[in-house]
There are 4 protein chains.
Amino acid sequence: MRSIDINCDYGEGFGVYTIGALDAEVELLKHVTSVNIACGFHAGDPATMRRAVRQALAHGVATGAHPSFQDLAGFGRRRMSITPDEARDIVTYQIGALAAFVKSEGGKLSHVKPHGALYNLAAQDENMARAIALAVREIDDELILYALAGSLAARAGEASGLRVAHEAFADRMYEADGSLTARSEAHAVITDAEQAAHQGVRIATRGEVVTSSQTTLKMYADTLCIHGDTAHAAHIARRVRESLEAVGIEVMAIAGVV
Amino acid sequence: MRSIDINCDYGEGFGVYTIGALDAEVELLKHVTSVNIACGFHAGDPATMRRAVRQALAHGVATGAHPSFQDLAGFGRRRMSITPDEARDIVTYQIGALAAFVKSEGGKLSHVKPHGALYNLAAQDENMARAIALAVREIDDELILYALAGSLAARAGEASGLRVAHEAFADRMYEADGSLTARSEAHAVITDAEQAAHQGVRIATRGEVVTSSQTTLKMYADTLCIHGDTAHAAHIARRVRESLEAVGIEVMAIAGVV
Amino acid sequence: MRSIDINCDYGEGFGVYTIGALDAEVELLKHVTSVNIACGFHAGDPATMRRAVRQALAHGVATGAHPSFQDLAGFGRRRMSITPDEARDIVTYQIGALAAFVKSEGGKLSHVKPHGALYNLAAQDENMARAIALAVREIDDELILYALAGSLAARAGEASGLRVAHEAFADRMYEADGSLTARSEAHAVITDAEQAAHQGVRIATRGEVVTSSQTTLKMYADTLCIHGDTAHAAHIARRVRESLEAVGIEVMAIAGVV
Amino acid sequence: MRSIDINCDYGEGFGVYTIGALDAEVELLKHVTSVNIACGFHAGDPATMRRAVRQALAHGVATGAHPSFQDLAGFGRRRMSITPDEARDIVTYQIGALAAFVKSEGGKLSHVKPHGALYNLAAQDENMARAIALAVREIDDELILYALAGSLAARAGEASGLRVAHEAFADRMYEADGSLTARSEAHAVITDAEQAAHQGVRIATRGEVVTSSQTTLKMYADTLCIHGDTAHAAHIARRVRESLEAVGIEVMAIAGVV
């Protein structure tokens, strides 16, 4: 029987600010198996981080660090021309900060998923990918690295000796070349729960995804990402999970998958 | 034979900025046994933190976290009216960040010393002192907490079950009531190395200090602080250490003292 | 005929973050005559500031700067022990930044209202109040300073030669000593639009307010503050304005009042 | 008789941090005619900004804003993938903040020179160059825009109707293609005062510069930049100025040149 992880970003508020309603966010925890918690550089002040960690642990969800470029005003979505050493250093800093809250609350850090522009850069730039993998491994070589399925980031992680979670997106449209459809396009984000569930099941069972141009693309994934910042995120997550389980796929935290 | 630790703040630059010359800072590492490394809130960006940790480990000096109020413009010297929970959270965050660099560089975090206004607040406010001690203990109950000798912060640390390093200052003048002479006073900082060495030895051997009004004050200390930001810091540190050793006191990292 | 201004805080998002829905915020602009726009220190990145200024100008609402302590994580609600010179400098910086957007969008900065903990500090501490008034006057002595009605901040502003807008709150409960009921109390914030309107009219027509202990307090005001961060803010603002106009009070921007 | 401006960056400390000694920085003011003052994004907290403005005005030096990407840890030297609108907004914000200090201290803002990576980006990217020019002109169309001599940034400024100061570097080596020799090269920065003076005079009198490969390059300049962060900056500035004056060139603030 095949198994797969469902992850979402979590704790992406800052101070008085939240992304959507706090109770809607908690609702997500009933359906995902892993969360990637913001570490203060694109979101997540210390109080928000502790609350997010506490909620995840209370729901038995695996906690991961979600390090980013240091750009709160841009929510970590703007690329910065930093060196690989600088990337390693900001990743080390943020993993450590989040790990302390996890330890403080009685849990154990499960994984690391770079955020936004840093995630995309790691997928395309081998030196950056290596620097990030190095940062993770130096802190704890049992940490699992999340990376875009089949990307340079995934290969660099594996080459470094880390376990890697190849990631695909249940609620994002893919282009024929394997890239995600740009968010500026109308149908980039799949908001229909059944469509997202269908895409998730196809990835998990057949290892493929249907692209925006109706071609079929190979897509192996250990984990499916659900975007937590949409209005119906919890509903989408629930439908993706139910649909996977309905076809006999076991949904579990990433440590049991890779 | 009595033993004592000598500590100084370290890695208090930020980005292109340094406090004094970088090579002068490294010189200090030959004479102190513990350093308190800035964690990003009053000083210390990630690159500076890694360099500071690496230098300390290369010199066999014990590494500690030096958490602060979040106030880079004020260098952590301005009190903020945060709650005890907020204090706990910012301390957790910063210890974690620094600990990750120490782990990454192959060392083990030794201790935690709050910085500046947070250190002073912890010495005077029991709820803050408890919150900080809790943050430290939740991460690792083997961490040693540095606190003003005999203060509420020291007692709160001990009550929480942590080992506490009572700290006195070799190069600061004391008032008759046990407080440090305000920096606005001309003789607040002792810049003469022999005078600092003399004060350090008197604290270590007789458990007392002569105040600005020539009274004598009881002063028990496990660790002596040397300020790293003065021009002759390395020279002062060397003279304090030599003078302690000359009277048969063993100078060693705090873990061997408390 | 008596005239009065209605003001609210505005543009208090940051990057991707908003306080409530953006369209609800715009709705407020139909009912208030002045807004206080965040300047980056407690809220308000540059893009948010321009949008807020543009919206205010499009609705013919007077634009003011809303400077704060530098504390994004605490939303400017935590007091910091800064010096009067530091207060003057952060206020100068923030007024300038906001004024540039107003100029850029073809408007003219109308007023300055310190935010949160800085507002409260100015009301109680004469040196801080003077420093803030000085910062305002040095930039433009035609700027109007908003201050808690009858406070030290108001007197310091008048003594400096500035026009001062004495401010009262339509939607906050007062204590018998003239202070606002602490937000930790259940009835601190008046969420019933009719009650807020009633309080606003009483202040404007009789110069008094009924306190939580049912005593009556003298309360002269040039401007009434409505809190923009509540769900029914626009409705409350509308009812306060309609009720004032119903009794013959002219609601207009502060420059016409003081 | 030909005239030219000499400018340097100024006020690039932050909080307790300084670039070099403060008195060495002041010494520079005796020899330059314009300074570009950091506005808080790569350097320059509010207190540092006021001090820098006050010193410049006291020496009769023209004050300009030196806006940057928001990247204190990277000192504004790392490119960020922001949009032209975002560039316009951060430039508006920073010019406004600095202008307020200049107004507060009784002066008048003279010019704007983008800093570091933003300066380089403006020289190469027409949309960014236009956005920055627009930001400047919207605030005050009498402000002078500094731009790399002959660059897209200079042309965009002129096209927008602004007066533009074409800038060349007295103390930087040029490559044959007109670019500055990368700082990673040994001879990128000219530290010999006589060589810098010679290059400055050649630019001013013949409109040309000798490159690292001994070719001659046309180089028209309205202003010569001296780097303020080197040990002998004041000496270099003095020699450049003396040498210019010795050949009959009048050294004056930019408003008299363009």
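The values are calculated or read from the model by the stated rules, or taken from the named source; none is laboratory data. The shown structure was predicted, so the numbers you read here are calculated from the model rather than taken from an experiment. Note: ideal-geometry Cβ built from the backbone for every residue, glycine included; neighbour counts use all protein chains shown. Protein only, heavy atoms only, side chains kept; ligands, DNA and RNA dropped before computing areas. Shrake-Rupley method; radii C 1.70, N 1.55, O 1.52, S 1.80 Å.
Miscellaneous remarks
- Among the DSSP helices (H) of chain B, those spanning at least 27 angstrom by Cα along their long axis with an average Kyte-Doolittle hydropathy of -1.0 or more are B:84-104; this is a geometric and hydropathy rule only.
- Interface residues of the range D:87-127, defined as those losing at least 20 Å² of solvent-accessible heavy-atom surface relative to the isolated chain (probe radius 1.4 Å), are listed as D:Arg88, D:Asp89, D:Thr92, D:Tyr93, D:Gly96, D:Ala97, D:Ala100, D:Phe101, D:Lys103, D:Ser104.
- Between B:Glu142 and C:Leu22, the simple spin-label model (points 7 angstrom out along Cα→Cβ) gives 5.2 nm.
- Dipole check for the range D:3-256: with +1 at the C-beta of Lys and Arg, -1 at the C-beta of Asp and Glu, and the Cα centre as origin, the magnitude is about 140 Debye.
- Charge dipole of the protein assembly as shown (Cα centre as origin; +1 on each Lys and Arg Cβ, -1 on each Asp and Glu Cβ, all else neutral): 0 debye, rounded to the nearest 20.
- With the label put 7 angstrom out from Cα along the Cα-to-Cβ vector, C:Gly248 ends up 8.1, 8.5, 9.6 nm from the copy partners, going from closest to farthest.
- Once the GluC sites (Glu not before Pro) in DSSP loops with at most 15 neighbouring Cβ atoms within 10 Å are cut out of chain D, the longest remaining piece is D:1-141.
- Heavy-atom accessible surface of the protein assembly as shown: percent carbon and sulfur, 1.4 Å: 49 percent
- Inter-probe distance in nm under a simple model that places probes 7 Å from Cα toward Cβ, at A:Thr83 and C:Gln195: 6.1 nm
- Over 30 Å apart at the Cα level, from the set B:Lys30/D:Lys30; D:Lys30/D:Lys103; A:Lys113/B:Lys30, are B:Lys30/D:Lys30; A:Lys113/B:Lys30.
- Label-point spacing at C:Lys108 relative to the other copies reads 1.9, 6.8, 7.0 nm, in ascending order, each point sitting 7 Å out from Cα along Cα→Cβ.
- Long-range Cα-Cα pairs in chain C (distance over 30 Å), rounded percent: 19 percent
- Computed [θ] at 222 nm, helices only, for the protein assembly as shown once each DSSP H run of length n ≥ 4 contributes -39500 (n - 2.57): -12000 deg cm²/dmol
- Shielding value for A:73-86 is 6, the average number of Cβ atoms from other chains within 10 Å of each residue's Cβ.
- Over the protein assembly as shown, the fraction of Cα-Cα pairs per 10 Å bin, rounded to whole percents and listed from the shortest bin up, is 2, 10, 18, 21, 21, 17, 9, 2, 0.
- Share, in percent, of DSSP beta bridges within chain C that are antiparallel, nearest 5: 20 percent
- DSSP-defined beta bridges in the protein assembly as shown - what % are antiparallel, rounded to 5: 20 percent
- Label distances, nm, D:Asp177 versus same residue in remaining copies, Cβ-directed 7 Å point: 2.4, 6.8, 7.1
- Note on B:Glu126 and B:Ser184: with the Förster distance fixed at 22 Å, the Cβ-Cβ geometry gives a FRET efficiency of about 0.20.
- Accessible surface for D:Ser213 stands near 70 Å², nearest 10, in the context of the full protein assembly shown (1.4 Å probe).
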